[in-house]
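First up is the structure itself, then whatever we jot down about it.
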Amino acid sequence: MKRLTEKDDWSPDYAESDSEHRIDGIEEFYRTNENIRELWDRVLLPRLRDCGARTAVEIGSAPGQNLIELANGLGITPFGIEYTEEGAELNRRLFARHGIGADHVLCDDFFSPALDSRLGTFDIALSFGFVEHFDDPVPVIRRQLEFCRVGGYVIIIIPDLRGIYYVWNAVFNARVIETHNTTMMRNDSFFKMCEGIASLEVIFKGSIGTFEYGLLTHAGKFIPRAGISLVRRISPAIRAFDRHVLARLGLGQSPYLVVIGKRVG
Ligand SMILES: C[S@@+](CC[C@H](N)C(=O)[O-])C[C@H]1O[C@@H](n2cnc3c(N)ncnc32)[C@H](O)[C@@H]1O
């Protein structure tokens, strides 16, 4: 299994700018973004509300807002695993705003044997934008599953970089395509991959949301940055066109592929 990213792909993003300002922006994004709200309020939380979970871990957790959604929505105690120092620090600052201790962020590599003592100890193991950064995601998903107790749940969310997202990023920021396993996004591959994993019973799978400008990136270049700014402003109209026209033609631009599964062995 080959890693498609290294720490330097993430650290500069977490290190830049004043972190309190950065956290304000993350909280605002999660509060107002319609796709994120659909994901959490209509898909994930209703399906997990009665599962009796008390703890959750996110792998690749920085900045930690997904864990705050789980903590607020389900009352669970959150833990993050994040291998960049800068990301772990940002995650700790976000947790501090919610009264969660710094020791709830484990700054370590997800594959480190030092984390093996935590295997089988969590009620929920979440990843959001993680497993698609490997050429073979199956062993990654298996290890994510191992962090759950038997009877616990995994939530796996990946961006769906097909269609307009693929074309845009291939033209303006090819590093995005290099660092994502886009093959696993094609033709139900991700869903079939999860269904083929022993000990994982898939209880929900789906494409979630409508057009998301956040999946268009610019790598600091002027033209795509200006383009994204424009797209962002007309995003409600594009989203309506996506929902009412493209989706009906089977060409919808849903940004997320989601699997919820139960560890059954
Ligand atoms: C796309 S980001 C997703 C962050 C977060 N899950 C979210 O939704 O905002 C992937 C994260 O995984 C972290 N990461 C990548 N490989 C890792 C590894 N082997 N162990 C722990 N963290 C890792 C990166 O530093 C980065 O913070």
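Each value in this text was obtained by applying a stated rule to the coordinates, not by laboratory testing. Just so you know, these numbers come straight off a predicted model, no measurement behind them. Using ideal geometry, Cβ is built from the backbone for each residue, glycine included, and neighbour counts are taken over all protein chains shown.
Would you compute the Debye intensity of region 18-94 from its alpha-carbon atoms alone, equal scatterers and no solvent, and pass along log10 I(q)/I(0) at q = 0.12 Å⁻¹ to two decimals?
Values returned for q = 0.12 Å⁻¹ are -0.34.
What longest region of the chain stays clear of trypsin sites (Lys or Arg not before Pro) that DSSP places outside H, G, I, E and B and that have at most 12 other Cβ atoms within 10 Å?
In the chain, the maximal stretch lacking such sites is 55-185.
Shape call for region 71-205 from the C-alpha gyration tensor, a ≥ b ≥ c root eigenvalues: rounded (a/c under 1.5), prolate (a/b greater than b/c) or oblate?
oblate
In nm, to one decimal, how far is the modelled label at A240 from the one at R37, with both set 7 Å along Cα→Cβ?
Taking the two extended label points, one gets 1.7 nm.
Report the label-to-label distance for D136 and D18 in nanometres (one decimal), using points 7 Å from each Cα along the Cα→Cβ vector.
Inter-label distance under the simple model: 4.8 nm.
Would you please give the residues with an amide H less than 5 Å from that of L200, counting only those at least 5 places away or on a separate chain, with H modeled from the backbone geometry?
Result for L200 returns V264.
In whole percent, what relative contact order does region 1-109 give with Cα contacts below 8 Å and a gap of six or more residues?
Rounded, it is 25 percent for region 1-109.
Please compute the contact order of the chain in relative form: average sequence separation of alpha-carbon pairs under 8 Å and at least six residues apart, divided by the residue count, as a percent.
Once normalised by length, the contact order is 19 percent.
What number does the chain give for Rg over Rh if you use C-alpha atoms and the Kirkwood radius?
Answer for the chain: 0.94.
Give the lysines whose C-alpha is closer than 23 Å to that of K221, dropping any in the same chain fewer than 8 places away, or say none.
Within reach: K7.
Count the net charge of all other residues whose Cβ sits under 12 Å from the Cβ of A170, scoring Lys and Arg as +1 and Asp and Glu as -1.
+1
Can you list the residues, at least 5 places off or on another chain, whose amide H is less than 5 Å from the amide H of V154, using H built in the peptide plane?
Long-range HN contacts for V154: A125, G261, K262, R263.
Would you list which lysines come within 21 Å of K205, measuring only between C-alpha atoms, while excluding same-chain residues fewer than 8 positions from it?
In chain and number order, the partners are K192, K262.
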